[in-house]
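Notes to accompany the following structure.
The values are calculated or read from the model by the stated rules, or taken from the named source; none is laboratory data. Since we're looking at a predicted model, the values are computed, not measured. Cβ atoms come from the backbone with ideal geometry, glycine included; neighbour counts cover every protein chain shown.
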Amino acid sequence: MEYWIQNLNLIKSNEIFYRCLKKGPMAHEIDDFEVKEWRERMRFLADIVFGSAMTIMIFNLELPDLGLITDTQELAAFIFKQLSGMGAFFIAFITVAVYWMKHLEHYGVVVKVDQTFMWFQMLFLALIMLVPFWNTYVTDFPDNEAIKVFFSLNMILIGVFSYLSFNYASNPQKALIHDSVSLESIKEAKLQILTEPALAAIAAGLVFVNPILWDLAFILIPVLFMLKKKLVNVQYFKLFKKPE
């Protein structure tokens, strides 16, 4: 009991010391340290989530039982059966990869973070982690309309929280984005964020016409990403104004 009382007193004394520093001449340095630390840890968490989501999806593909497959024809037939699963894997993988690249672009101009921004980001990342979950069902039931609608809804929500994060960060009152980023670039980036959720909404409607159209709609995501200069004229990794 005495041990815990001593530790509690130590914690209280550290808290008092920290509060004094926050009010003293070192307050500015502590604030700068917090800003840098929170931003770096948020970026590190995002990389882990994206890497985990992109890796987990490969486990949806089956490996052949070499003890049961005795000839080349059986192996070829097994691989042929896996093609639909491979297609679902590549669609989900590339979609997540596009979100990761956009996250790099947007987060690269964020110079500091606060708790509200971090919650937007964590909800965004939680939805990214759900992509392998829905991809498993899409792989096992490729012609099920309801599953593909739920997958589309998940992708729409990812886009919504991506937009909310960037919109919050670009709020002049919050000043989380570097001040050299132009308002025009911010508006263009916001339009670009809406591309994926818009395509996901279209795909959710097309699945009731033909499930194949759902796949084709999601294939457009990387295509439009590569052509985005023509779409909203945003130059990748060049959101900063050029020096005059």
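For H103, the conditions (1) free of Cβ contacts under 8 Å to residues at least 60 places away in the same chain; (2) surrounded by 15 or more Cβ atoms within 10 Å (Cβ to Cβ); (3) over 11 Å from I158 (Cβ atoms); (4) not hydrophobic (A, V, I, L, M, F, W, C) all hold with the exception of (3). Which residue is surrounded by the fewest Cβ atoms within 10 Å (Cβ to Cβ), if the candidates are limited to the range 130-168 and must be within 22 Å of L213 (Cβ to Cβ) and small (G, A, S)? Checking each candidate, the answer is A146.
Annotation for the range 208-216: no member residue is surrounded by 15 or more Cβ atoms within 10 Å (Cβ to Cβ) and β-branched (V, I, T). The helices (runs of 4 or more DSSP H) falling completely within the range 166-239 that include 3 or more residues that are modelled with pLDDT of 85 or more and under 14 Å from H106 (Cα atoms) map to 183-193.
Within 16 Å of the chain's Cα centre (by Cα), modelled with pLDDT under 90 and under 30 Å from F208 (Cβ atoms) - does that describe any residue in the range 110-129?
As a first pass, look at the range 110-129 and keep what is within 16 Å of the chain's Cα centre (by Cα): 110, 117-129.
So of that shortlist, the ones also modelled with pLDDT under 90 come out as 110.
Subsequent filtering for residues that are under 30 Å from F208 (Cβ atoms) retains none.
No.
Here E196 fits the description: of a type in the set (D, E) and closer than 20 Å to Q121 by Cβ.
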